[in-house]
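Below is one structure, written out as structure tokens; the observations come after it.
Please treat every number below as a calculation from the coordinates, not as lab data. From a predicted model like this one, the values you see are computed outputs, not experimental measurements. Don't worry about glycine lacking a Cβ; one is built from the backbone with ideal geometry, like all the others, and counts go over all protein chains shown.
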Protein chains: 2
Amino acid sequence: MNKHGGYYGESKDVIDFSVNINPLGISKNLEKAIISGISQLHKYPEIDGSTAIKHIAKHYNIKENHITLGNGAIELIYLFARALKPKKVLIVHPTFNEYKRAFKLSSSEIHEYVLDKHDFKLNEDDLINHIKKIKPDVIVLCNPNNPTGTYNEVNKLEKILKVIKEINSIMFVDESFIDFANKESLIDYYRKYPLIILRSMTKFYAVPGLRLGFCIADEQIINKLYQYKEPWSLNYLSLRAVPVLLEDKEYEEVTIDWCNKERDYVYSAIKDIDNIYVYKSHTNFHICKTENISAFQLQEMLLQKGIYIRTCEDFIGLDDKYFRIALKTRLENDKLLNELKKLARSECL
Amino acid sequence: MNKHGGYYGESKDVIDFSVNINPLGISKNLEKAIISGISQLHKYPEIDGSTAIKHIAKHYNIKENHITLGNGAIELIYLFARALKPKKVLIVHPTFNEYKRAFKLSSSEIHEYVLDKHDFKLNEDDLINHIKKIKPDVIVLCNPNNPTGTYNEVNKLEKILKVIKEINSIMFVDESFIDFANKESLIDYYRKYPLIILRSMTKFYAVPGLRLGFCIADEQIINKLYQYKEPWSLNYLSLRAVPVLLEDKEYEEVTIDWCNKERDYVYSAIKDIDNIYVYKSHTNFHICKTENISAFQLQEMLLQKGIYIRTCEDFIGLDDKYFRIALKTRLENDKLLNELKKLARSECL
């Protein structure tokens, strides 16, 4: 399996900046819904989660048969690869490393389009040239992108989608982090262009333990996914969580407010620290770069202080100087920032 | 997707005999473990559930690297098909209809070996002749079998395993219902023969809502499965349930005692009802046959009385006369038996 974030060491007091989960934790409403749902665990969940799908359809104002649920967004990456079996896939890197594994397992020929690590900016004309040259069956793009935090505006992506439509290809867009971004989704475009949009409820609602994701596409793609989809892939508590989470306006507002504040706060603070470069982000994490030491060395020094960060050497297009930090509570962010400042002062960076 | 049991109609007062779940419901210990686990849902579950695997290994006295977990046993059926991509598969029918779908999706050539519906008895010599003729890469067998409830003794299966070993094939045995059977498992044989054993914790511990299964095989097969396995496929609460369920000796004893009693009780009672034939079972459900009316007609008549049964026309080798009923509590079983007796008395059967 691929490397991923997450501290699984022995210390109980480590603040885990390596996973990009909303630190507000699970909502009170969800907690109640889970407790009252325990009495229903002796029943099989709906085989395809049709009630939860109805709620998602209503929330996003789309048709029910344009949605499939996943046991986490991850199930849908593998399901899409398996169902479509694309011959050629173009992945925009650096990005989440499960796309490549999923398409490799489905025997796709993988092409990598690697963004310049100087700024991770997507030059759409250059990508379009690549697409025209390679003619991939699927183009994979994460927006906002993990691990870089960069967001591509919809008008930029629409230029690419036009070309994709011309050459009969499909864009697979992972929007798992878009709820944090306050930015436009591609949801309004899947009827116009060949497009599948992946969403995760894991990160924003802080429920990675439940496994909950969905995807949106036209009927033809969704039907193709159902041909390969395994029954009962979502557990009952995840299905039960869907309406509770989508209707929790307060949780949504508090989260977006927290995210906007902490993103600016952490960015500004790291910008002032010598020998660490922080990239602008549009979501709930930042990618940073060490100047002199390696990210592993930094990880080790911080771990001694009870802080765990994600080194990024395993992402295509990055190296052992890059690390990713999630936004956490102000108190936790301050702890990280103070330790980084201390290391800078004592010339350890 | 295939047809499955489970009542999803609008009435709230229906007793559902169509799913084979322990009616004792989820244990108090598990309920406590789930409630105390809610506070951990903001963390990713272990990517491959290694702690839960340790507990299973200890419980069955096998090596950890001989086990993989599944999001329900169903994940492992599809994973096995995908990872091994067998060219030819021989399935012993009538049986659970997901095996066929799983292997079909992996482009296997499927051969059906259909047992005589007169008694569903497996003639091992005849099956061996078939195996020698067809030379399948995988032989699929469910033991005790769903939906027939028949159990094949280990010495019978060992004769088949010897041939399977000779021709370099693998036996895929689904033991999802063996905990109810008080019968010998094939667990002691996987080191000696090419064999993968599937287990479900869903039925015995009444947690289909959680999704929890595992399989046992030698390292080579398990490693092959991991090459294709998707990360985080088990949610945190399922993983947390594993040690709690395995250590609950009282629940196990009460369940086996209940199952033994109700199996005999229901069998004897139906045997005395005219125009319904009941087959001997070794697990927690019975397959039955109507003599005059169809199983659909019976299903409808019983539904009017608040009882739902599983018609079996979709199983290969069965027809619209067959239906399956799960064992439930004495009170519920009596309700079914009384309604059947009433129908017999009023000559509706």
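Quick notes on this one:
- Among (1) buried (at least 21 other Cβ atoms within 10 Å of the Cβ); (2) within 14 Å of another protein chain (Cβ to nearest Cβ), the one test that A:Ser106 misses: (1)
- Evaluated against (1) part of a helix (DSSP H, G or I); (2) surrounded by fewer than 21 Cβ atoms within 10 Å (Cβ to Cβ), A:Ile293 falls short on exactly one condition, (1).
- Looking only at the stretch B:21-62, and only at residues there that are away from chain A (no Cβ under 13 Å) and in contact (Cβ under 8 Å) with a residue 12 or more places away in the chain, the one that is farthest from A:Ala241 (Cα to Cα): B:Ile62
- Here B:Cys288 passes the criteria (1) farther than 24 Å from B:Leu24 by Cβ; (2) part of a strand (DSSP E or B) except the one numbered (1).
- Counting the residues of the stretch B:75-89 that are buried (at least 23 other Cβ atoms within 10 Å of the Cβ) and without any contact (Cβ under 8 Å) to a residue 60 or more places away in the chain gives 3.
- Taken over the stretch B:272-296, the criterion of being of a type in the set (Phe, Trp, Tyr) and touching a residue at least 24 places away in the same chain (Cβ under 8 Å) is satisfied by B:Tyr279, B:Phe285, B:Phe296.
- Top-ranked residue of the stretch A:129-166 - restricted to ones that are outside any loop (DSSP other than H, G, I, E, B) and among the basic types (Lys, Arg), ranked as farthest from A:Lys289 (Cα to Cα): A:Lys165
- Members of the stretch B:111-126 found to be assigned to a strand (DSSP E or B) and either under 11 Å from B:Ile316 (Cβ atoms) or among the basic types (Lys, Arg) (or both), listed by number: B:Glu112, B:Tyr113, B:Val114
- Any chance A:Ser233 is part of a loop (DSSP other than H, G, I, E, B), crowded, with 18+ Cβ neighbours inside 10 Å, within 14 Å of chain B (Cβ to nearest Cβ) and not aliphatic (A, V, I, L, M): yes
- Residue match in the stretch B:110-130 (condition: among the aromatic types (Phe, Trp, Tyr) and touching an Asp or Glu at 6+ places or on another chain (Cβ under 7 Å)): no
- The stretch A:192-221: number of residues that are in a loop (DSSP other than H, G, I, E, B) and within 14 Å of chain B (Cβ to nearest Cβ): 12
- Criterion violated by A:Ser238 - all others in (1) closer than 16 Å to A:Leu76 by Cβ; (2) part of a helix (DSSP H, G or I); (3) without any contact (Cβ under 8 Å) to a residue 60 or more places away in the chain; (4) of a type outside the set (Asp, Glu) satisfied: (3)
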